[in-house]
1. Answer with yes or no whether residue B:31 is outside the structural domain of residue B:201 (by TED's automatic domain parsing), under 20 Å from the mean Cα position of the chain (by Cα) and crowded, with 21+ Cβ neighbours inside 10 Å.
2. If the Cβ limit is 7 Å and pairs must be 6+ apart or interchain, which residue in the range B:229-252 that is hydroxyl-bearing (Ser, Thr, Tyr) pairs with which residue that is surrounded by 21 or more Cβ atoms within 10 Å (Cβ to Cβ)?
3. Given the conditions (1) crowded, with 20+ Cβ neighbours inside 10 Å; (2) under 21 Å from residue B:245 (Cα atoms), report the number of the one that residue B:50 does not fulfil.
4. Within the set of pairs 6+ apart or on separate chains, which have a first residue in the range A:145-164 that is outside the structural domain of residue A:93 (by TED's automatic domain parsing) and touching a residue at least 12 places away in the same chain (Cβ under 8 Å), a second that is among the aliphatic types (A, V, I, L, M) and surrounded by 18 or more Cβ atoms within 10 Å (Cβ to Cβ), and C-beta atoms under 9 Å apart?
5. In the range B:66-82, how many residues are touching a Phe, Trp or Tyr at 6+ places or on another chain (Cβ under 6 Å) and surrounded by fewer than 17 Cβ atoms within 10 Å (Cβ to Cβ)?
6. Could you please find all residues in the range A:144-171 being surrounded by 13 or more Cβ atoms within 10 Å (Cβ to Cβ) and small (Gly, Ala, Ser)?
7. Report, by residue number, each residue of the range B:221-249 that is under 27 Å from residue B:305 (Cα atoms), surrounded by fewer than 19 Cβ atoms within 10 Å (Cβ to Cβ) and touching a helix residue (DSSP H, G or I) at 6+ places or on another chain (Cβ under 8 Å).
8. Got a sec? Which of B:50, B:84 is within 16 Å of the chain's Cα centre (by Cα), at pLDDT 95 or above and more than 30 Å from residue B:359 (Cα to Cα)?
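The values are calculated or read from the model by the stated rules, or taken from the named source; none is laboratory data. Keep in mind that this is a model prediction, so the values were computed, not measured. Heads up, the Cβs are rebuilt from the backbone with ideal geometry, glycines too, and the neighbour counts pull from every protein chain shown.
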Amino acid sequence: MQQNVITKPVSNGVNTEALIGARGAFEQMPEAAAFTFRSTCDWNEGTNNTNTINGFFGLGENQERKQTFRIDSDHPEVFAAADRAPTPPEIVLAALASCLTGGVAAVAQHRGIQLHKMRAVVEGDLDVRGILGMDQEVRNGFSGIRVAFEIDADATPDEIRALVAQSQKRSAVFDILTNPTNVNVTVA
Amino acid sequence: MTYIGTIIIGAGQAGLAMSRCLSDRGIRHVLLERGEIANSWSHERWDSLRLLTPNWQSRLPGFGYDGPDPDGFMSMPEIVGYLRDYARASDAPVEERTRVLSVTASAGGYEIQTNRGAWRCDTLVLASGACNLASVPALSAQVPPGIEQINALGYRNPGQLAPGGVLVVGASATGVQLAAEIRAAGHEVTLAAGEHIRVPRQYRGRDIQWWLEVTGVHATRTDEVDDLRRARGVPSLQLAGSHEQPFCDLGWLIAMGVEVTGRLGAIRDGVALFSGGLANHCALSDLKMNRLLDTIDAWAETCNLPGIGPAERFAPTPCPSAPRLTMPLGDGRIRTILWATGFRPDHSWLQLPVFDRKGALQHHEGRVAPGLYVLGLPFQRRRNSALLDGVGHDAAAIADDILFQRGRSAA
């Protein structure tokens, strides 16, 4: 209900026109909106392994990128490992932070709000007695996750809170973490 | 087969408003009503329900409230009486106990089969209601046997429920009212809350519906919102037809001893799994309310109204810090699940290619196809289209359109 008086074009580096165009296209052809993402994980040694990420399915066909991305994972020295990369739960926290941060930028662009600086600090509480199988009452995963945003933008505090709330509302990773998902693991 | 130029299906507030607008323009018509006038209000609502809009706002074309309590809220018997009085005052030609079985296209018009014979017309207005069916999520099929399931159309009062715990799913006006009533009757109640909107019943000494009217929120047109589909689907405001409680929000329920948790996400192996996103839903609700209050304050500022109280801001929703994520459904604690997950219209008898791929009737501001109109759907033409006070404006627009089309075909 509030309108910002825009004196110069807002640029957060997000092409919202293209995203709005995609919405229109998917309206006509919902099957094109069905994407499948994938990551391939190869064991290196011990708890160290490497994901390679390139192709995904979307817009009705397999899509190949120009470059292949790598995400390494390991366990820290306190777990008697070599600590060559972040732990998988840390990668999950990073995915959440990235998803929400990107979402804030996109929503801000759409709402005509110029961002200057943004940082999200994510913390997840994890009682390792769960993964060590020591206590049935303790779950393996995070018992709670906190995200703290610091945002400098040309907007009121409530407008900034609304950006963060809308980003959560439309975030894939926020949904993945807050709602149950069926996971099927098979062996070839 | 009986021929008449115009037929209205349904004799609730929408059908009766339509009938009045047609009569005012001299257009001959008949209303086909499956039961009796105001049938849904008589037979498909819970006992304690009252309208969410005050009596003075129950304006219909050529009719209004002139009783002793303009600021009160009508009970179900009162709204039924009100609409019967309206039908009488308008001399509405209602064919009661005439259930429509099918509507098909026929020679430039429409053919309507009913349990009391067939009708044919050139112009048809669907005014059969927006809340004929309860929208219950597919995951209800996973509820273990032994747990009673009931939806808001079947619910009448807490006396219907088995002793023991009740899981209420949904936190719009329906969910919050029923959670409170069932809790007050002594049941343990858990409320699963997704997207919701809290507002105070009164603000600055006036009813919230008065503010929504004077600030122009109610009259917002379809081209004034950027995402009409979303605007049509927003949950109803957390309100009850009573001045007793300043808020009927999650904080009120928590104070009553209702356990509030996140949206019901799945039922797996007999365990209900709830979303961990409640905090954001509470934040969105608080932000939405505050934006509305900002709009009201900005408007009040420009008008300098006498007798208006000072601007106020309310404490944020006291969202539980660690709401439950799981609830076993097999341990006997929960005996009943009450689905307060929304309603949808029933147009299953409409045998015409007028539905989108999700089965919803496609229309532009009530115009469905040549000679075919719908009336009374949420945000059909204005934000208050589905409210008693809003349906008359839409009925008048459709009546004008019918008159115009008839003029064209006669010329």
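1. Values: outside the structural domain of residue B:201 (by TED's automatic domain parsing): yes; under 20 Å from the mean Cα position of the chain (by Cα): no; crowded, with 21+ Cβ neighbours inside 10 Å: yes.
Criteria not met by residue B:31.
2. Partner pairs satisfying both residue conditions: B:236/B:172; B:236/B:173; B:242/B:73.
3. (1) is the only condition that residue B:50 fails.
4. Matching pairs, first to second residue: none at all.
5. The initial filter retains those residues of the range B:66-82 that are touching a Phe, Trp or Tyr at 6+ places or on another chain (Cβ under 6 Å), namely B:70, B:76, B:79-80.
The next check asks that each one be surrounded by fewer than 17 Cβ atoms within 10 Å (Cβ to Cβ); those that pass are B:70.
Within the range B:66-82, residues that are touching a Phe, Trp or Tyr at 6+ places or on another chain (Cβ under 6 Å) and surrounded by fewer than 17 Cβ atoms within 10 Å (Cβ to Cβ) number 1.
6. So in the range A:144-171, the residues surrounded by 13 or more Cβ atoms within 10 Å (Cβ to Cβ) come out as A:145, A:147, A:149, A:151, A:153-156, A:158-171.
Answer for the range A:144-171, where residues must be surrounded by 13 or more Cβ atoms within 10 Å (Cβ to Cβ) and small (Gly, Ala, Ser): A:153, A:155, A:162, A:165, A:167, A:171.
7. B:245, the sole residue that qualifies.
8. Details: B:84 fails: within 16 Å of the chain's Cα centre (by Cα).
Answer to the selection: B:50.
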